[in-house]
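**Student:** Pasting a structure below so you can have a look.
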Amino acid sequence: MPDLTRLLDVQDRDVTLDQLAHRRSHLPERAALAAAQSEAARLDAAIGDLQTRLHDIELAQRKLEDEITAIDQKSANESRKLNSGTVTAPREIQALSDEIDALGRRKRALEDDELELMEQAEPLAAEVETRSAERAAVGAEIDRLTAAIAEQEAAIDGEATTVRAERDAAAGDIDDALLDRYEKLRARLGGVAVARLQGDLCLGCHVSLPAVEVDVIRHSPPDAIVTHEECGRILVR
């Protein structure tokens, strides 16, 4: 009987440890952290997409700027040639003048294209700034939740260490065979392997035992290990 009484103490501690483990894995902050991390990933993807679009626009702008620069250089060369006095033939003068005009028109068209790209980039840049601010806020919330979880985990782990020590002390003198049987039953019976018998009621499954079974148990030797046939739990009389 002393072994069975201590076994109840062991089970009480094991149930407490199970509850602590469940509490640790189901902290409310964990769900909030998962949601915040998901939101952070969504914002990161959105910001990345916006930055890619901005980068493409920037490359297009650079290409236009390079073409405009080339046109300016060519136009300047043609103007110097026209004004140098070395070209005197009317046809050549007209051709140079037409070329300079064409270069001017091409430059204005490119500048219009560049302005259109700048107009496209402006709202994208503003959206990047907005999303980045949102991401920073989510990042701060992730840091807060992570710290809160770590703090609660430390508290639960400290409590579990104390309960585990009490459990080990209670189990220390229990017969190894009985303890092994208890562990196997606990794994099979949802964590409750031993229960008190109160009258004819098993407090493990809350089912009344037949009178015949109760009578057999009452007449069993005090050190006999008896079980409830219905649920299979060890009974403490």
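**Student:** Which FRET efficiency, nearest 0.05, do H206 and A34 yield, Cβ-Cβ r, R0 45 Å? Working shown, then result.
**Tutor:** Numbers: r = 37 Å, r/R0 = 0.82.
About 0.75, to the nearest 0.05.
**Student:** State the dimensionless ratio Rg/Rh of the stretch 1-42 (Rg: radius of gyration of Cα atoms; Rh: Kirkwood radius).
**Tutor:** Radius of gyration over Kirkwood radius for the stretch 1-42 works out to 1.44.
**Student:** Count the net charge of all other residues whose Cβ sits under 15 Å from the Cβ of V87, scoring Lys and Arg as +1 and Asp and Glu as -1.
**Tutor:** Summing Lys and Arg as +1 and Asp and Glu as -1 gives -1.
**Student:** Could you point to the residue in L54, I156, S75 farthest towards the positive end of the stretch 16-171's charge dipole, with +1 and -1 charges on the Cβ of Lys/Arg and Asp/Glu respectively?
**Tutor:** S75
**Student:** Continuing with this model, one more query. Per 0.36 nm of contour for each residue apart, how much would the distance between V216 and D113 grow if the chain were fully extended, relative to their Cα-Cα spacing?
**Tutor:** 27.3 nm
**Student:** Rounded to the nearest 5, what % of DSSP beta bridges with both residues in the chain are antiparallel?
**Tutor:** If we restrict to bridges inside the chain, about 65 percent are antiparallel.
**Student:** Size of the dipole of the chain about the Cα centre, Lys and Arg at +1 and Asp and Glu at -1 on the beta carbon, nothing else charged, in debye to 20?
**Tutor:** 300
**Student:** Go through the cysteines of the chain and tell me which have no other cysteine Cβ under 4.7 Å away.
**Tutor:** Cysteines lacking a close Cβ partner in the chain: C202.
**Student:** Within 14 Å, Cβ to Cβ, of D112, how many net charges do the neighbouring residues add up to if Lys/Arg are +1 and Asp/Glu are -1?
**Tutor:** -3
**Student:** Can I ask one more? Measure out, as a whole number of angstrom, how far apart the alpha-carbon centroids of the stretch 111-165 and the stretch 177-197 sit.
**Tutor:** 46
**Student:** Could you give the size of the charge dipole of the stretch 172-237 about its Cα centre, using +1 on the Cβ of each K and R and -1 on the Cβ of each D and E, expressed in debye and rounded to the nearest 20?
**Tutor:** The calculated dipole for the stretch 172-237 is roughly 220 debye.
**Student:** Would you mind working out the magnitude of the charge dipole of the stretch 122-237 relative to its Cα centre, with +1 at each Lys and Arg C-beta and -1 at each Asp and Glu C-beta, to the nearest 20 Debye?
**Tutor:** 540
**Student:** Please give the FRET efficiency for E58 paired with E134, using the beta carbon to beta carbon distance and R0 = 25 Å, rounded to the nearest 0.05.
**Tutor:** Plugging the Cβ-Cβ distance into 1/(1 + (r/R0)^6) gives 0.60.
**Student:** Calculate the spin-label point distance for R105 paired with T88, positioning each point 7 Å from the Cα along the beta-carbon direction, and give it in nanometres.
**Tutor:** Roughly 3.1 nm, to one decimal.
**Student:** Grab the other residues whose beta carbon is less than 11 angstrom from that of R218, score K and R as +1, D and E as -1, and report the net. Before the final figure, lay out the partial values.
**Tutor:** Working: positive: R237; negative: D200, E213, D215.
Here the charged neighbours net out to -2.
**Student:** Among T130, T146, T86, which one moves the most in a GNM of the chain with springs linking Cα atoms closer than 10 Å?
**Tutor:** T86
**Student:** Provide the FRET efficiency to the nearest 0.05 for the L178-S25 pair, computing r from the beta carbons and using R0 = 41 Å.
**Tutor:** On the way: r = 30 Å, r/R0 = 0.74.
Rounded to the nearest 0.05, the efficiency is 0.85.
**Student:** Considering only A137, A126, V87, whose Cα is most displaced toward the positive end of the charge dipole of the stretch 50-141, charges sitting on Cβ of Lys, Arg (+1) and Asp, Glu (-1)?
**Tutor:** Most positive-ward Cα: V87.
**Student:** List the equivalent ellipsoid semi-axes of the chain in whole Å, largest first, each obtained as the square root of 5λ for an eigenvalue λ of the Cα gyration tensor. The partial results should precede the final answer.
**Tutor:** Numbers: eigenvalues 1643, 51, 34 Å².
Those come to 91, 16, 13 Å.
**Student:** Using 0.36 nm times the number of residues separating E159 and V15, minus their current alpha carbon distance, what extension gain do you get? Working shown, then result.
**Tutor:** Values: separation 144, 0.36 × 144 = 51.84 nm, distance 1.33 nm.
So the chain would gain 50.5 nm between E159 and V15.
**Student:** Over the stretch 176-236, consider all pairs of different Cα atoms and compute the Kirkwood hydrodynamic radius from their mean reciprocal separation; express it in Å, one decimal.
**Tutor:** One decimal place: 11.8 Å for the Kirkwood radius.
**Student:** Helix 90-171 sits at what angle to the longest principal axis of the chain, using alpha carbons and giving 0 to 90 degrees rounded to 10?
**Tutor:** 10
**Student:** Return a single number: how many Lys pairs in the chain, at a sequence separation of 8 or more or on separate chains, have alpha-carbon atoms below 28 angstrom apart. Display every interim value, and only then the final one.
**Tutor:** Values: K63/K74; K63/K81; K63/K107; K74/K107; K81/K107.
Count of close lysine pairs: 5.
**Student:** Take the Cα of D44, step 7 Å along the line toward its Cβ, and report every residue of the stretch 133-169 whose backbone nitrogen sits under 18 Å from that point.
**Tutor:** 133-147
Every number in this text was worked out from the coordinates using simple rules, so none of it is lab data. Just so it is clear, the model here is predicted, and its values are computed rather than measured. As a convention, Cβ positions derive from the backbone with ideal geometry for all residues, glycine included, and neighbour counts pool all protein chains shown.
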